[in-house]
Structures are given as structure tokens and as C-alpha cells.
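Inspection log for the structure reproduced underneath, given as C-alpha cells.
Each value in this text was obtained by applying a stated rule to the coordinates, not by laboratory testing. These numbers were taken from a predicted model, which means no experiment stands behind them. Every residue, glycine as well, gets a Cβ built from its backbone with ideal geometry; the counts of neighbours run over all protein chains shown.
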Amino acid sequence: MTILIDDAGSGDLLFGTVIGAYREEDDVFIYDLIATKHFQMPLYKDKTHLVEAKRIAIELVERLALRENEKVIICTGDILNVASEALIEKYGEEVIERGKIEGRAQELVELAYTNELRNIGYTPLEDRTEKWGKNFWDMYNWLKADRKRMRFAKSAFPNLKKYPLFK
């Protein structure tokens, strides 16, 4: 038995990040959100997005009620580093491991993220994970079309300062 934990949207320009947990054997998926505000100043400089990722990962494992002899595989993405350390501290190295999340677990977390994007009025590109540059500019232009949408932008990423919208 295994619980797989993955994230979606952490590198995208829009919205927060989805952290999801999937138990393969039961085909059960649950998730929670790191709010956009954690990717905006002043919270971003305090790395509150990492604290939120940790809180959510622990909560998801608790909600799924980790079973005896069950493993948790957590994505190797940077946003889950602190979460991984906390889970190891709580459950032990024999239970928690890092790994690449693929298949249904990855599909479900990506679907949750794209559905959240639709909820804010943005229509995600079909191939957003394969064509990051195209995805970035599509999101950028969506923000630029209506400055009121800036509340949905992960505006604290340092590399964004080179773009007029973030100056």
C-alpha cells in the first residue's frame, strides 16, 4: 500500500499550488491549496509557501489515515522538501521516501490545479506542462489584459522583475 504526494502549479505564474495525496489501492485522491498570497510579498520572502506545503502534506496523510506497513512517496520537487523532512520526522525514514510521481496520481493533481485555474476564469493550455514558455506567456497575457487579475499572480518570483507587468 502506498500514498503518493505530488504538487501542481508551483512553478506557474498563476494561482497558488495544489498539493495532492493519492492512495493507489483505494483510488482515493484528496488535495488542498497553498494560497496565492504565499507567493506574493511579504509572505514569500518568509518562505511561508514551504510551511504551508508541510502543513498540507502532514494533514493529507492524517486524513488518509496512514495504514500499517504503508509507504508514503513524496515528489522530489523543491516545494515539498520541508514537508518531506517533517513527514520523515513524524513517521520515519522506513515509511517516507522521495520519488518521481507519475500516472494517475500526477494526472489527478494536475487536473485539480487546472480546475482551480478555471475557477478564477483562466482557461489553461492543453499542453501547459510540455510547453512551459508558451504557458508562461499565455498566463502573462491573461494578467496583462486585466490588471485586477494580478491578485492571482505569483508575483514575488525574483525572475519576474524583468517583465513590465511586475516592475
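Using only Cα atoms, tell me the angle between helix 48-64 and the longest principal axis of the chain; keep it within 0 to 90° and round to the nearest 10. With rounding to tens, the tilt is 40 degrees.
As a rough guide to protection, the peptides 23-29, 109-115 ranked by mean Cβ packing within 10 Å, highest first, stand as 109-115, 23-29. Compute the acute angle (0 to 90°) between the alpha-carbon long axis of helix 103-119 and the principal axis of greatest extent of the alpha-carbon atoms of the chain; round to the nearest 10°. Approximately 40 degrees, to the nearest ten. As a test of the formula, what do you get for the chain when each DSSP H run with n ≥ 4 contributes -39,500 (n - 2.57) and the sum is divided by the residue count, at 222 nm and rounded to the nearest 500 deg cm²/dmol? Result for the chain: -11500 deg cm²/dmol, rounded to the nearest 500.
Between 0 and 90 degrees, the angle of helix 81-91 with respect to the longest Cα principal axis of the chain falls at about 20 degrees.
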